[in-house]
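Step one of this worksheet: look at the structure below.
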Amino acid sequence: MSDLKITLIQSNLHWENIDANLRMFDEKINSIQERTEIVVLPEMFSTGFSMQPEKLAQTMEGSAVNWMRKKAAEKKIVITGSLIIEDRGYFFNRLIWMLPNGQFGTYDKRHLFGYAGEEDHYHAGDKRLIAQVKGWKINLNICYDLRFPVWARNTIQPSTQEPAYDALIYVANWPERRKTAWTTLLQARAIENQCFVVGVNRVGNDGNKIYHSGESSLIDPMGEIVYRKSDDEDIFSYTLQRDKLNEVRSHLPFLKDADAFTILPRP
């Protein structure tokens with residue numbers, strides 16, 4: 001397994017304006033000078049964290065997914081972030097993992113943020129998505145999922161005797177008022193799962209005047225902060241090193257001592 005270059009885009013968002021956000025992210029991706037392999041965008045990157053899916057939802061053939069497909073092919077990169085999607089008569093906060101060849105994976109947010117009424121507007125998912133690229137296994141999550149460690153728990157797979165994944169990605173619209181939870185839990189997920197953790201958050205005020213300070217982060221498998229950015233828009237690229245991951249796991253083989261458990265369907 002080789003190293004993997006990943007780019008985090010921390011950005012303000014145009015509130016409930018799909019076309020403006022797609023133009024903006026098109027420009028931001030075009031501005032990346034160095035070669036990268038994965039570009040990570042925030043949660044609901046085309047709209048902001050809106051509770052109006054009836055007005056904003058698109059299908060999987062809508063302009064936002066089509067933009068991801070075209071941009072991934074043009075730049076020969078993987079693009080990921082979540083969108084408001086209508087599917088089978090339900091609305092989802094759906095993360096798309098778009099490959100350069102047009103194939104894609106999806107993850108529907110499992111933990112809906114009841115404090116903001118998300119569960120009143122969106123349908124929860126019940127399956128994890130662990131994507132693979134260049135031999136890396138990447139567990140993909142959305143915002144509020146960060147508060148639930150069992151959903152992200154890494155385990156040794158009986159068939160391979162290897163961990164289930166190597167990196168965690170969280171895309172978010174996480175408010176500044178709770179930034180301590182965001183930054184602390186990103187580090188905790190890296191330490192307890194012995195993996196790289198990437199958290200990409202938005203900045204600025206949303207349409208409800210809620211301020212987001214970003215704090216997008218990249219954490220190494222020991223919980224050390226490689227990158228963290230507050231308040232300003234930013235584009236940051238970093239190479240995830242396979243040797244570093246292997247060294248941590250071989251020197252401190254904690255995962256093999258973890259408790260066994262089963263995740264049950266939600267009632």
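The values are calculated or read from the model by the stated rules, or taken from the named source; none is laboratory data. Owing to the predicted nature of the structure, the values given are computational and were not obtained by experimental measurement. Because the Cβ atoms are built from the backbone with ideal geometry, glycine has one as well, and the counts that use them run over all protein chains shown.
In the set (1) without any contact (Cβ under 8 Å) to a residue 60 or more places away in the chain; (2) at positive phi; (3) buried (at least 19 other Cβ atoms within 10 Å of the Cβ), the condition left unmet by Asp231 is number (3). Scanning the stretch 131-172 for residues that are surrounded by fewer than 15 Cβ atoms within 10 Å (Cβ to Cβ) and assigned to a strand (DSSP E or B) turns up Gln132, Gln157, Glu162. Of everything in the stretch 173-213 that is charged (D, E, K, R) and under 27 Å from Phe25 (Cα atoms), the residue that is surrounded by the most Cβ atoms within 10 Å (Cβ to Cβ) is Arg202.
Rundown of residues vs (1) at pLDDT 95 or above; (2) aliphatic (A, V, I, L, M), yes/no style:
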residue: Ala116; (1), (2): no, yes
residue: Ala131; (1), (2): yes, yes
residue: Lys137; (1), (2): yes, no
residue: Cys143; (1), (2): yes, no
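Mind checking which residues of the stretch 112-130 are among the hydrophobic types (A, V, I, L, M, F, W, C) and either in a loop (DSSP other than H, G, I, E, B) or within 12 Å of the chain's Cα centre (by Cα) (or both)?
Of the stretch 112-130, the ones among the hydrophobic types (A, V, I, L, M, F, W, C) are 112-113, 116, 124, 129-130.
Scanning the stretch 112-130 gives Leu112, Phe113, Ala124, Leu129, Ile130.
Of all residues in the stretch 106-130, those satisfying the criterion of being surrounded by fewer than 16 Cβ atoms within 10 Å (Cβ to Cβ) and of a type outside the set (A, V, I, L, M, F, W, C) are Gly114, Tyr115, Gly117, Glu119, Asp120, Asp126, Lys127.
Taking the conditions exactly as written (at pLDDT 95 or above, acidic (Asp, Glu) and part of a helix (DSSP H, G or I)), does Glu43 satisfy them or not?
Working: at pLDDT 95 or above: yes; acidic (Asp, Glu): yes; part of a helix (DSSP H, G or I): no.
No; evaluated as a whole, the condition is false for this residue.
Of all the criteria given as (1) buried (at least 17 other Cβ atoms within 10 Å of the Cβ); (2) among the polar types (S, T, N, Q); (3) more than 20 Å from the chain's Cα centre (by Cα), the one not satisfied by Ser46 is (3).
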